[in-house]
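The values are calculated or read from the model by the stated rules, or taken from the named source; none is laboratory data. The shown structure was predicted, so the numbers you read here are calculated from the model rather than taken from an experiment. Glycine gets a Cβ as well: all are built from the backbone with ideal geometry, and neighbour counts include every protein chain shown.
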Amino acid sequence: MPLRIYPLRILGMGLGGTVAAVVLWERNASVLAWIGMVLPAFVWPHVAYLLTRRSKNPYRTETRNLLIDSAMAASFVPLMHFNLLPSVLLLTLTMVDKITTGIRGLWARSIPAMLAGGVAGTVFAGFHWAPDTSMRVIMACLPVMTLHTLSVSIVSYRLIRKTAQQNQLLDELRRVDALTGLFGRGHWQEQAEAALRRHHTLAEPASMLMLDIDHFKAINDTHGHTVGDEVIRALAHVVRGSVRASDCAGRFGGDEFAIVLPGMRVQEALAVAHRIRAQTEAVRLRQLPEVRITSSIGVAAASHRHGTLRAWIDAADAALYTAKHSGRNRVASDPEAETPPAV
C-alpha cells in the first residue's frame, strides 16, 4: 500500500502546491505563507511514506495519512486568499481522491479534516478574501485537472482490468471441476438445457451420455480414496480424449459423468460411448496395475418426450441403469435408441 500511494501523493500534493505557489507569487506572499505551502506540498509526502513503512499497522497509518492529506490541501485555501478556481479545484480533487480509494466512509471522515485544515490555515495566514482568478492562475490549474484526471483514469482502468480477471478466474472455478478438469455440474446443465432448446426449436439433434465407474465403492473401500480419485481422473482423461471441442463433458457427481453431444444423433453417440467404454477397460493405474477399471454408459437422444432437462437426464440415467443391471461394462440406450454393434 505505501509504495502504491507514495507516487500518487507526490503527484497530487506537488500539483496542488504548484497551483498555490502561482497564487502566492501573484499575492507577494510572506515567507510564512511560502513555508505553509512548501511543507505540505513537497515535504509531507516523504514523511507520510516513512510513517507508513515504519508502522506496525500500515493500513491504519495510511488511512490517517489520507485524512492529513485532506487537511493540508484545505489549508491551501486561506493561504491563497480563497482564490476561487484553485480553491474549488483542490477541494474537489481531494474529495475525489478519497472516494476512489474505496475505503468505506473515508470521504465523509475527510470533511471534518478539511474543515480543520481550513481553520488552521486561516489562523496561520489570517483571513483575506480575494476570490478573483487571473488568467495566469487558470493556466496553472489546467495541468492539475489534466494530470489528475489521467492518473485517476489509469488507476480505475487497472482496477477494472484486475476485477475482470478475477471474475474470469471465479467463472473458471465455477465452471470446471477441480479433480477432473471437466466442467462442473452447473455449467454442464446450462449447456444441456441450451442443446435441448435448440432441439425443440430448430430440430437440431443432440445426445446425452451418462457414465458410471463400475464397482467404484469397492475400489474406494479396498484401496482408499486416493486411489479412487486417481480412477476418477483416469476416466476423465479418457472422456476428454473422446469428445469434440463442441461437446460438453462434466462431472455429474461422485463417480458419475455426463456428456452432452450437440448435433449428434444417437447412432453416432453410441459409437462414442462404446469407444469410451473400450478405452476405459484398457486403463491401468501406474501404482496398481492389477486394478481393473470398467464403466457402464447410458445414451439418450433428445426427444419431443423430453419437455425438461430433468426428463432428458432421467432417460439417460435409466439407460445407464439398464447397462449396469445387464452386467456392467457395457453401453445401453433408451428405448428409442437404435444400438449399433459394439466397437
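Within the range 171-192, identify whether any single residue is among the aromatic types (Phe, Trp, Tyr) and assigned to a helix (DSSP H, G or I), and answer yes or no. Checking the range 171-192: at least one residue is among the aromatic types (Phe, Trp, Tyr) and assigned to a helix (DSSP H, G or I). When you check THR122 against the structure, is it assigned to a helix (DSSP H, G or I), among the polar types (S, T, N, Q) and under 22 Å from ARG9 (Cα atoms), yes or no? No, not satisfied. Among all residues of the range 251-259, there is none that is at pLDDT below 95 and part of a helix (DSSP H, G or I).
Residues being touching a residue at least 40 places away in the same chain (Cβ under 8 Å) and either crowded, with 16+ Cβ neighbours inside 10 Å or in contact with a Leu (Cβ under 9 Å, 6 or more places away or on another chain) (or both): count how many of those fall in the range 31-47. Lay out the reasoning, then the answer.
In the first step, residues of the range 31-47 are kept if they are touching a residue at least 40 places away in the same chain (Cβ under 8 Å); the result is 32-33, 36-37.
This time we only want the ones that are either crowded, with 16+ Cβ neighbours inside 10 Å or in contact with a Leu (Cβ under 9 Å, 6 or more places away or on another chain) (or both), so: 33, 36-37.
Here the count works out to 3.
Within the range 93-110, none of the residues are assigned by TED's automatic domain parsing to the domain that holds VAL38 and under 18 Å from LEU24 (Cβ atoms).
How many of the residues making up the range 251-274 are of a type in the set (Lys, Arg) and either touching a helix residue (DSSP H, G or I) at 6+ places or on another chain (Cβ under 6 Å) or under 15 Å from SER333 (Cβ atoms) (or both)? The number of residues fulfilling the criteria is 1.
Filter the range 260-272 down to the residues that are of a type outside the set (Lys, Arg) and part of a loop (DSSP other than H, G, I, E, B), then identify the one that is surrounded by the fewest Cβ atoms within 10 Å (Cβ to Cβ). The residue in question is GLY263. When THR280 is tested against (1) in contact with a Leu (Cβ under 8 Å, 6 or more places away or on another chain); (2) part of a strand (DSSP E or B), exactly one condition is not met: (2). Filtering the range 232-253 to residues that are touching a strand residue (DSSP E or B) at 6+ places or on another chain (Cβ under 9 Å) and under 18 Å from GLN189 (Cα atoms) leaves ALA236, VAL239, ARG240, VAL243, ARG244, SER246, ASP247, CYS248, ALA249, GLY250, ARG251, PHE252.
Does the range 245-275 hold any residues that are of a type in the set (Lys, Arg) and touching a Leu at 6+ places or on another chain (Cβ under 8 Å), and which are they? Within the range 245-275, just ARG251 meets the criteria. When residues in the range 318-335 are screened for being surrounded by 18 or more Cβ atoms within 10 Å (Cβ to Cβ) and either free of Cβ contacts under 8 Å to residues at least 12 places away in the same chain or of a type in the set (Gly, Ala, Ser) (or both), 4 of them pass. For the range 155-163, the count of residues that are out of contact with any Ser or Thr (no Cβ under 8 Å at 6 or more places or on another chain), free of Cβ contacts under 8 Å to residues at least 24 places away in the same chain, among the hydrophobic types (A, V, I, L, M, F, W, C) and closer than 30 Å to GLY228 by Cα is zero. Just so you know, in the range 288-317 the residues that are surrounded by fewer than 16 Cβ atoms within 10 Å (Cβ to Cβ) and of a type in the set (Gly, Ala, Ser) include one that is farthest from ARG185 (Cα to Cα), and it is GLY307.
Checked against (1) in contact with an Asp or Glu (Cβ under 8 Å, 6 or more places away or on another chain); (2) farther than 24 Å from MET145 by Cα; (3) not charged (D, E, K, R), THR94 passes all but a single condition, namely (2).
Listed here are the residues, each with its yes/no results for (1) assigned to a helix (DSSP H, G or I); (2) within 38 Å of the chain's Cα centre (by Cα); (3) aromatic (Phe, Trp, Tyr).
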| position | (1), (2), (3) |
| --- | --- |
| HIS274 | yes, no, no |
| LEU288 | no, no, no |
| VAL299 | no, yes, no |
| GLY307 | no, yes, no |
